[in-house]
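> Below you will find the structure I want to go over with you.
The values are calculated or read from the model by the stated rules, or taken from the named source; none is laboratory data. Predicted model only: the values in this text are computed from it and were never measured. Neighbour counts are summed over all protein chains in view; Cβ atoms, including those assigned to glycine, are modelled from backbone coordinates with ideal geometry. Side chains are part of the model used for accessible areas, which takes the heavy atoms of the whole protein and leaves out ligands, DNA and RNA. Shrake-Rupley method; radii C 1.70, N 1.55, O 1.52, S 1.80 Å.
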Amino acid sequence: GLVVAGCEPGLEVVERILREHRMAGVSATASSAVAIEALAAGRVHAAVVHGSDVDERAAETDLDIVQFALTRWRVGLAAPVDSSPGWVERALSGAVSVVQREEGAGVQRAFQRRLEGQSPVPGPRVSSHFEAARRAVLTGLPAVTIEPAALAAGAVFHPLETHDAQLWVDKIWADKSVVAAALNIISGRRFQSRLQAVGGYDLAECGTQLS
């Protein structure tokens with residue numbers, strides 16, 4: 001079966017469709033940094049990595065990988081729909097706590113780039129994009145997340161950066177049938193329509209091999 005780590009919520013859809021075709025699939029929610037570590041250690045077949053500099057990040061690693069485009073989405077801040085004007089400025093100034101991710105997460109890196117030169121912003125840490133958006137809705141605190149997760153949680157969203165999300169496959173597994181099956185799913189109408197229904201996804205190059 002296919003084991004893939006990363007922070008793209010759509011991985012669960014790939015896992016489910018693989019199982020419908022009697023092929024095993026396991027998706028593990030993890031930050032880009034943790035997913036890269038797992039791929040380097042041989043614990044997964046593939047990793048989802050995102051960032052404004054994702055190609056440069058791939059070039060900096062010693063991994064022997066094949067890169068595939070997955071999606072493009074905006075990363076930024078989510079908040080309840082009834083948030084008062086100025087909530088973005090308060091979040092970026094450190095005037096309020098902000099729900100955040102671990103240091104290696106692509107969204108956290110984007111947030112820290114925006115805060116460069118400022119004191120760290122306080123706030124709880126969570127393990128996924130959707131959990132961050134959900135926490136924003138439940139607690140009223142702004143949260144660092146991606147636009148699709150904010151839309152799914154019913155939050156408002158303010159963008160900070162646009163990120164490319166890629167699927168990195170270890171070359172030793174690239175020719176395996178289960179990898180080909182997963183790529184067919186990612187390129188297919190059913191998978192893409194599910195993501196488009198959420199909103200916030202740019203799937204123009206989804207499934208395209210990049211390297």
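> Kindly indicate the residue of the stretch 98-117 that is open to solvent by less than 30 Å² (accessible area, probe 1.4 Å) and over 14 Å from Ala132 (Cα atoms) and also modelled with the lowest pLDDT among those meeting that condition.
So the residue we want is Gly104.
> In the stretch 184-197, which residues are surrounded by fewer than 19 Cβ atoms within 10 Å (Cβ to Cβ) and within 18 Å of His45 (Cβ to Cβ)?
Correct list: Asn184, Ser187.
> Right, next: Give the stretch 118-129 a look and list any residue that's modelled with pLDDT of 95 or more and open to solvent by 80 Å² or more (accessible area, probe 1.4 Å), or say none.
Arg125
> Moving to a separate point now. Could you tell me whether any residue of the stretch 132-139 is touching a residue at least 60 places away in the same chain (Cβ under 8 Å), open to solvent by 40 Å² or more (accessible area, probe 1.4 Å) and out of contact with any His (no Cβ under 6 Å at 6 or more places or on another chain)?
no
> Report every pair of residues separated by at least 6 positions or lying on different chains whose Cβ atoms are under 7 Å apart, first residue within the stretch 192-211 and in a strand (DSSP E or B), second at pLDDT 95 or above and open to solvent by 30 Å² or more (accessible area, probe 1.4 Å).
Short answer, once both residue conditions are applied: Asp202/Arg72.
> Then there's this: Which residues, taken from the stretch 174-183, are part of a loop (DSSP other than H, G, I, E, B), surrounded by fewer than 17 Cβ atoms within 10 Å (Cβ to Cβ) and of a type outside the set (Asp, Glu)?
Lys176
> Another one. Given the options Leu167, Leu151, name the one that is of a type in the set (A, V, I, L, M) and in a strand (DSSP E or B).
Just a single option satisfies the conditions, and that option is Leu167.
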